[in-house]
Structures are given as C-alpha cells and as structure tokens.
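Structure first, then comments.
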Amino acid sequence: MQRHVSSHGPGRSRSSSLRRRGAVVVELILMMPILFIMLLAIVEFGLIFVGIQQAEAAARLGAKYAVDNNLAGGGATAGDAALIRNEVDEALATAGFGTSASGGVRFTENVSGSSSAEDGTCPQASSTPPADTIRVRVCIPLTAVTPDMLSTFGFSISSRRIIVDAVLPN
C-alpha cells in the first residue's frame, strides 16, 4: 500500500494553497500605500530635524558675528540685520540649503535699551533678551529644507517654517 503525500501540507489541496497565496498578495497590495506613506514621513521628518540643527548652528554663527563686529549697543538697524542674514545664508548654503535659504533674520539687542530690526520676514520673539545680550532669530521655510513629499496625501508643509533663536552675551 502506497501513500501519496501532498506537497501542500496535510489536509490541504492545491486550490486552497493558491487561494491563500492570493490572499497574501491582496493583503500586501492593501498595506503598500500605508507603508509608503510611513516611509516618506520618516524621511521628511528626518530632513526637518537636520534642518532644525542647521538653523540653530546658523543662528549661533549670526549671533557670534553680531558680537564679534560690535553690532550691539547702538540700536539694532536693518543694515545690521542684513549683515547678519548674509552670514546666516552663507552658513545655510554651506549646509546645502541654497544661497538664500533663510526666510528672514531678526536681530534684537538689549545692551543700550532693547531694540530690534529684521531683514526678511521673521516674527518678533515674545520676550526681550536678558540684559547685555543679543538675540538672533532665524526663520527658514520648510520647503527650503525638504521637498513637500506628503502634500499628495494631505500633509503639506508649504506654509510652515523653522524658527530658532540664539542668545549670546555682548
């Protein structure tokens, strides 16, 4: 007496094995868009975090430039803010964000009384910097940092921006 052993497993026929494989393919097709969106989100948020770090470094460089060139004390002017923005843009260009990545720079000094000036569009901070310090606020549109990969799925970053401050003693 000879027994036939099925390669599809005990108690399974060839048609049930094919149906199971078909179900796996359908499940994969249903999950792929979700996995793709998650992958894009991970990449985009990673680029945003790198952008935040680069913006913080650029703000520190701008603040250091203001201190080294004695821009504080005579009142913050638009010319001072433009000089600082040039330094910030140069740092951002070195990081790979383009030659004019910053959306604006706001220079606030609290040495001879608080004064503030901006170059570009960057909102005023809600508080003044401590006495004898300067603050450089850098604003960068997120579209300068990362492509808007999730806008197809309803998660657009086109109106968002990175805003970071650097405060140094004068």
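The values are calculated or read from the model by the stated rules, or taken from the named source; none is laboratory data. What you are looking at is a predicted structure, and each value in this text was computed from that prediction instead of being measured. Counting neighbours? That spans all protein chains shown, and the Cβs are built from the backbone with ideal geometry, glycine included. Heavy atoms of the whole protein, side chains included, go into the accessibility calculation; ligands, DNA and RNA do not. Shrake-Rupley method; radii C 1.70, N 1.55, O 1.52, S 1.80 Å.
The criterion of being assigned to a helix (DSSP H, G or I) and open to solvent by less than 30 Å² (accessible area, probe 1.4 Å) does not hold for residue 101. Of the listed requirements (1) surrounded by fewer than 19 Cβ atoms within 10 Å (Cβ to Cβ); (2) closer than 25 Å to residue 157 by Cα, residue 73 misses just one: (2).
For region 33-64, filtered to residues that are of a type in the set (Gly, Ala, Ser) and within 17 Å of the chain's Cα centre (by Cα), the residue that is surrounded by the most Cβ atoms within 10 Å (Cβ to Cβ) is 58.
Looking only at residues in region 113-129 that are assigned to a loop (DSSP other than H, G, I, E, B) and more than 21 Å from the chain's Cα centre (by Cα), the one that is surrounded by the most Cβ atoms within 10 Å (Cβ to Cβ) is 129. Within this structure, residue 107 fails the test of being more than 16 Å from the chain's Cα centre (by Cα), of a type in the set (Phe, Trp, Tyr) and under 30 Å from residue 34 (Cβ atoms).
Give the residue that is nearest to the chain's Cα centre (by Cα), with candidates limited to residues of region 130-168 that are among the basic types (Lys, Arg) and open to solvent by 60 Å² or more (accessible area, probe 1.4 Å).
Initial filter on region 130-168 (among the basic types (Lys, Arg)): 135, 137, 160-161.
Okay, now just the ones that are also open to solvent by 60 Å² or more (accessible area, probe 1.4 Å), so 160-161.
Details: 160: 9, 161: 8 Å.
Looking at residues that are among the basic types (Lys, Arg) and open to solvent by 60 Å² or more (accessible area, probe 1.4 Å), I get 161.
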